[in-house]
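Enquirer: Supplied in structure tokens, the structure appears directly below.
The values are calculated or read from the model by the stated rules, or taken from the named source; none is laboratory data. Keep in mind that what you see is a predicted model, and the values were worked out from it rather than measured. Reconstructed Cβ throughout: ideal geometry from the backbone, glycine too, with neighbour counts over all protein chains shown.
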Amino acid sequence: KELVFSGVQPTGNLHLGNYLGAIKRFVEMQDREAQCLYCVVDLHAITVWQDPAALRSQIREVTAAFLAAGIDPARSIVFNQSQVPQHAELAWIFNCVARLGWLNRMTQFKEKAGKDRENASIGLYAYPVLMAADILAYRATHVPVGEDQKQHLELTRDIAQKFNTDFAGSITAHGHGEVFFPVTEPLIGGPAARVMSLRDGTKKMSKSDASDNARINLTDDADAIAQKVRRAKTDPEPLPSEVAGLKDRPEADNLVGIYAALAGTTREGVLRDFGGAQFSTFKPALSDLAVSSLAPIAAEMRRLTADPGHIDAVLADGAARAEQIAAGTLDAVKDIVGFVRRG
Ligand code: AQP
């Protein structure tokens, strides 16, 4: 059976990349009738320092974004990572399965730690191991994410396989068959798997970009969206009629990809309508589409965040349901590893 897990960090400035690469696709998976768990990953957020009051409101804001985008907490399990202790517990066991050499290859750590690596938190280094625990605590089979998470998902698969091999005898002895953890499939794709900065088509759109003009935030109003699209970097050529013509034109490629994802079509589909058009024609169409797609989400987020009690209740209900599944996995893992349990 398909079991879908994914998460978003409550680190502020949710943007169009998070929406098109992740949250919009979470809703599509839910609508395919899969059992879905969507998590606000606050334990991941604190791998870099977060102001406590801001963190609390960002946790509620990401939850509101999930709900406003169409995730139904009655059908999907919506919860907050720190409310389900099994994530951290399984992460420790996986710290003892994962190898230093594997972690040393993680490019996101290198990017985020920057030059001052000695000063990065151990949590930032171990981040991908916690991510493996998030996914495997539910023995999830499918994980919809943006392309930047590809390497972390490969690590999740390596951890699952090593655990299955290291404990093969014990897994069978405890009646779990041959394979305890599934080898998770990453679901990365569509025209917006990697949304780029509006100021630089070679850099990913990111929460932490110093320039707010580089991203469209989910909470931007219509004027801000229109202005950011108008100012988005482009080249002087009109749009090509074939996708091949987007090669070596990263900014044009990015804007066409964003349009395609918002419209639920492909780059080919967009170029059928806009091939040969100047950016002076394409940009207003893109900005209208972005406003009409995002304005209802922003309005619903505002409505939901005005009632934190409701959001907290959704999270508490989700955590109770998530914990039921994760506790079952951890009980089995403890038996498999050889711990003596409390009975
Ligand atoms: N630019 C992007 N295009 C497509 N998908 C993206 N995602 C992030 N940026 C893009 C996807 O959004 C989900 C949640 O991301 P996250 O909040 O957990 O972490 P992140 O990748 O660190 O987000 P940012 O915005 O890039 O933050 P900073 O600035 O801290 O690096 C994931 O599925 C991710 O792939």
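Enquirer: So for segment 259-268 (the condition being within 11 Å of the ligand (Cβ to nearest atom), within 30 Å of His142 (Cα to Cα) and either part of a helix (DSSP H, G or I) or touching a strand residue (DSSP E or B) at 6+ places or on another chain (Cβ under 8 Å) (or both)), does at least one residue qualify?
Expert: yes
Enquirer: In this structure, is Asp248 on the phi > 0 side of the Ramachandran plot and more than 26 Å from the chain's Cα centre (by Cα)?
Expert: Details: on the phi > 0 side of the Ramachandran plot: yes; more than 26 Å from the chain's Cα centre (by Cα): yes.
Yes: the conditions hold for Asp248.
To keep it simple, each residue is scored yes or no on (1) within 18 Å of Leu198 (Cβ to Cβ); (2) within 22 Å of the chain's Cα centre (by Cα).
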{"site": "Pro238", "(1), (2)": "no, no"}
{"site": "Leu255", "(1), (2)": "yes, yes"}
{"site": "Val270", "(1), (2)": "yes, no"}
{"site": "Ala285", "(1), (2)": "yes, no"}
{"site": "Ser292", "(1), (2)": "no, no"}
{"site": "Pro296", "(1), (2)": "no, yes"}
{"site": "Pro308", "(1), (2)": "no, no"}
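Enquirer: I'm told Leu90 meets every condition in (1) away from the ligand (no atom under 16 Å from the Cβ); (2) surrounded by fewer than 16 Cβ atoms within 10 Å (Cβ to Cβ) except one. Can you identify the failing condition by its number?
Expert: Of the numbered conditions (1) away from the ligand (no atom under 16 Å from the Cβ); (2) surrounded by fewer than 16 Cβ atoms within 10 Å (Cβ to Cβ), the odd one out for Leu90 is (2).
Enquirer: Which of the residues belonging to segment 12-41 are surrounded by fewer than 21 Cβ atoms within 10 Å (Cβ to Cβ), of a type outside the set (A, V, I, L, M, F, W, C) and within 14 Å of the ligand (Cβ to nearest atom)? Please lay out each step first, then the result.
Expert: To start, the set of residues in segment 12-41 that are surrounded by fewer than 21 Cβ atoms within 10 Å (Cβ to Cβ) comprises 12-13, 27-28, 30-35.
From the residues that got through so far, the ones that are of a type outside the set (A, V, I, L, M, F, W, C) too are 12-13, 28, 30-33, 35.
Correct list: Gly12, Asn13, Glu28.
Enquirer: May I pose another question? Here are some residues: Arg56, Arg32. Which one is modelled with pLDDT of 95 or more and either in contact with a Gly (Cβ under 9 Å, 6 or more places away or on another chain) or among the basic types (Lys, Arg) (or both)? If you could, list the steps in order and put the result at the bottom.
Expert: Details: Arg32 fails: modelled with pLDDT of 95 or more.
Residue meeting the stated conditions: Arg56.
Enquirer: Here are some conditions: (1) buried (at least 21 other Cβ atoms within 10 Å of the Cβ); (2) in contact (Cβ under 8 Å) with a residue 40 or more places away in the chain. Lys204 meets all but one. Which one does it not meet?
Expert: Condition (1) is where Lys204 drops out.
Enquirer: Check Lys204, Lys150 and return the single one that is out of contact with any helix residue (DSSP H, G or I) (no Cβ under 7 Å at 6 or more places or on another chain) and of a type in the set (D, E, K, R).
Expert: When all the criteria are applied, what remains is Lys150.
Enquirer: Could I ask something else about it? Testing Gly276 on (1) outside the structural domain of Gly169 (by TED's automatic domain parsing); (2) touching a helix residue (DSSP H, G or I) at 6+ places or on another chain (Cβ under 9 Å); (3) among the small types (Gly, Ala, Ser); (4) touching a residue at least 12 places away in the same chain (Cβ under 8 Å), one condition comes back false. Which one is that?
Expert: In the conditions (1) outside the structural domain of Gly169 (by TED's automatic domain parsing); (2) touching a helix residue (DSSP H, G or I) at 6+ places or on another chain (Cβ under 9 Å); (3) among the small types (Gly, Ala, Ser); (4) touching a residue at least 12 places away in the same chain (Cβ under 8 Å), Gly276 misses (2) alone.
Enquirer: Scan segment 2-11 and give yes if some residue there is charged (D, E, K, R) and within 9 Å of the ligand (Cβ to nearest atom), otherwise no.
Expert: Within segment 2-11, none of the residues are charged (D, E, K, R) and within 9 Å of the ligand (Cβ to nearest atom).
Enquirer: Out of all the residues in segment 19-38, which are farther than 13 Å from Pro73 by Cα and out of contact with any Cys (no Cβ under 8 Å at 6 or more places or on another chain)? Reasoning before the result, please.
Expert: Filtering segment 19-38 down to residues farther than 13 Å from Pro73 by Cα leaves 19-25, 28-29, 32-34.
Tyr19, Leu20, Gly21, Ala22, Ile23, Lys24, Arg25, Glu28, Arg32, Glu33, Ala34, listed by residue number.
Enquirer: Scan segment 121-141 for residues that are away from the ligand (no atom under 13 Å from the Cβ) and more than 22 Å from Gly338 (Cα to Cα) and jot them down.
Expert: Once the filter is applied, which keeps residues that are away from the ligand (no atom under 13 Å from the Cβ) and more than 22 Å from Gly338 (Cα to Cα), segment 121-141 yields Ser121, Ile122, Gly123, Tyr125, Ala126, Ala140, Thr141.
Enquirer: Could you check how many residues of segment 42-57 are crowded, with 16+ Cβ neighbours inside 10 Å and either of a type in the set (Phe, Trp, Tyr) or not assigned by TED's automatic domain parsing to the domain that holds Val8 (or both)?
Expert: Total satisfying the criteria: 0.
Enquirer: Also, quick follow-up: For segment 193-228, give me the residue count where each residue is under 30 Å from Gly114 (Cα atoms) and not in a loop (DSSP other than H, G, I, E, B).
Expert: 7
Enquirer: Of all residues being touching a Leu at 6+ places or on another chain (Cβ under 6 Å) and part of a strand (DSSP E or B) in segment 144-190, which is farthest from the ligand (Cβ to nearest atom)? Just the residue, please.
Expert: Among residues in segment 144-190 that are touching a Leu at 6+ places or on another chain (Cβ under 6 Å) and part of a strand (DSSP E or B), the one farthest from the ligand (Cβ to nearest atom) is Pro186.
Enquirer: Being over 30 Å from Ala88 (Cα atoms) and either charged (D, E, K, R) or not in a helix (DSSP H, G or I) (or both), is that true of even one residue in segment 316-328?
Expert: no
Enquirer: Shifting gears a bit: Scan segment 16-35 residue by residue and report those that are assigned to a helix (DSSP H, G or I) and of a type in the set (Lys, Arg).
Expert: Across segment 16-35, the qualifying residues are Lys24, Arg25.
Enquirer: Also, I was wondering about something else. Identify all residues within segment 207-224 that are within 12 Å of the ligand (Cβ to nearest atom) and either farther than 15 Å from Leu14 by Cα or touching a helix residue (DSSP H, G or I) at 6+ places or on another chain (Cβ under 7 Å) (or both); write none if there are none.
Expert: Once the filter is applied, which keeps residues that are within 12 Å of the ligand (Cβ to nearest atom) and either farther than 15 Å from Leu14 by Cα or touching a helix residue (DSSP H, G or I) at 6+ places or on another chain (Cβ under 7 Å) (or both), segment 207-224 yields Arg215, Ile216, Leu218.
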